[in-house]
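Here is the structure we will look at.
The values are calculated or read from the model by the stated rules, or taken from the named source; none is laboratory data. Remember, predicted model here, so these are calculated numbers, not experimental data. Backbone-built Cβ (ideal geometry, glycine too); neighbour counts: all protein chains shown. We work out accessible area using only protein heavy atoms, side chains counted, and drop any ligands, DNA or RNA first. Shrake-Rupley method; radii C 1.70, N 1.55, O 1.52, S 1.80 Å.
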Amino acid sequence: MQVLQAPSSPHLSIQTSKPPHLTWGLLPSVSVNSSPFSTLHFSLHSQKDQRLLWSPHKRFTSRAASVEVGDSSVSTGTAEGDVLKALSQIIDPDFGTDIVTCGFVKDLQIDEASGEVSFRLELTTPACPIKDMFEQKANEVVAMLPWVKNVKVTMSAQPARPIYAEQLPAGLQTISNIVAVSSCKGGVGKSTVAVNLAYTLADMGARVGIFDADVYGPSLPTMVSPENRLLLMNPEKKTIIPTEYSGVKLVSFGFAGQGRAIMRGPMVSGVINQLLTTTEWGELDYLIIDMPPGTGDIQLTLCQIVPLTAAVIVTTPQKLSFIDVAKGVRMFSKLKVPCVAVVENMCHFDADGKRYYPFGRGSGSQVVQQFGIPHLFDLPIRPTLSASGDSGVPEVVADPQSEVSKIFQNLGVCVVQQCAKIRQQVSTAVTYDKSIKAIKVKVPDSKEEFFLHPATVRRNDRSAQSVDEWTGEQKLQYNDVPEDIEPEEIRPMGNYAVSITWPDGFSQIAPYDQLQMMERLVDDVFEPSVQA
């Protein structure tokens, strides 16, 4: 090893009493809803008014009729069906769906003769705040079955990986969630929040890393005290080996033996890129990025080279802090990074039985109200919090039962829950239904759901291969795309787009905004001839 140098239309509902059909339409805001117990008949009007009846018909069946676990399907009336029906009573509060539908139940084994049942609950993260409740409820509901004498529940978590790993540098392909902690203003306690949030998540059972992205003034070497204070490089792989403190992996320019940087912006962006993408992070559930102040090149570089899952915004009560924070929130909004929580630092202190607000009130609440961020956490002024930042031992490590630690525990639960929701929404935002030969779209944070014809999506590609970048001339012609084309694979691309692979090998990047503007297959007026 060596030391590193260095317009909206009304929503239309499909009525299950009448078999509807889909047709071309230019409705920018149409929702297609259907009952899970209906048999739907779809037909398509092409631009040449040629109608074909899609076959086979899409059939939705209730979970009671057939439940899939792993690679096997079991029917009602069997022991497996009894167990799965019992487990389906347990609802995941984050997804609003039962744990069987969520796919949490794995390795179900039943011995009817002895009445023994064993299975594994694979949660989305080891830091799930209600994993103990899941385990207890699973034991209870299965044990209530009259023929069950013994229940064995094993808890596990999904492997750490992003849902779009193939587009990432190798060092980031085994990180499930990347969370930015940002303020866009210096001196508000952003690094304090980032470090204590990271160690809170680690205490919840997650595998965590911290990346200090402030090259000009790195804070991590002061706030934590790893035994090895220099980053090492693997000479064979040319990769960086992070240092570690209390089970959390750490990377900072301050650990590179260079102290604070004196360099121009492009060079800083290159250093950040190298530190972040060539580090051997290993499997992480959460990588916390301590963002530098501002909204310039460095921040944009970070947002572009890594798929940020979410952002936590840090502010203080002053009006000036709100003005700077608002810029950061708008930056994340344009980059399609959800801001899931606001932390208002240095809010108040208690003395003589009274609570005082020395810097005023309302900055955090104003951010929440103006930008619709769902969660607000107030941090009091505490000498111990400041002292822990200077001593190299984070507050949540030094005193896990303190008031401040409890606030960070609530923040950690919020981050875990919101990241799980975001991953679920992104992974199911755009899917292909082979039975009706349509692409279903449900954009994250939207209740709208609609269908697109695959040929329409392919013809609307706006890349240089389809449209001349200089003249705007359409190079891909209408007849170049067969009407019956089907996508081979659809993969999420961060929180803003999907990558669609077509039979000719072309990989199309389709942003959600563009999909929402395409011609849709919409609910049309019922025609008896179609039913016949």
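Remarks
- Shown here are the Rg and Dmax of the Cα trace of the range 79-157, at 11.9, 37 Å.
- Protection proxy ranking of 248-257, 456-465, by the mean of other Cβ atoms within 10 Å over each peptide's residues and highest first, is 248-257, 456-465.
- Whole-percent pair-distance distribution, where bins are 5 Å wide, for the alpha carbons of the range 202-338: 2, 9, 18, 21, 21, 16, 9, 3, 1, 0, 0
- For H348, H375, the ranking by accessible surface with the largest value first comes to H375, H348, using a 1.4 Å probe.
- Translational diffusion of the range 407-532, µm² s⁻¹ [Kirkwood Rh, Cα pairs; Stokes-Einstein; 10 °C; 1.306 mPa s]: 96 µm²/s
- Ellipsoid equivalent to the range 165-424 - semi-axes via the Cα gyration tensor, in Å: 28, 20, 18
- Cross-link pairs K149/K406; K149/K447; K131/K249; K106/K437 - those with Cα-Cα distance over 32 Å: K149/K406; K149/K447
- Spin-label model distance (nm) - V467 vs K327, 7 Å beyond Cα toward Cβ: 3.1 nm
- Positive-pole candidate from I490, M517, F506, dipole of the range 430-525, charges at beta carbon: I490
- Evaluated over the range 271-397, the Cα radius of gyration and Dmax, each in Å: 16.6, 53
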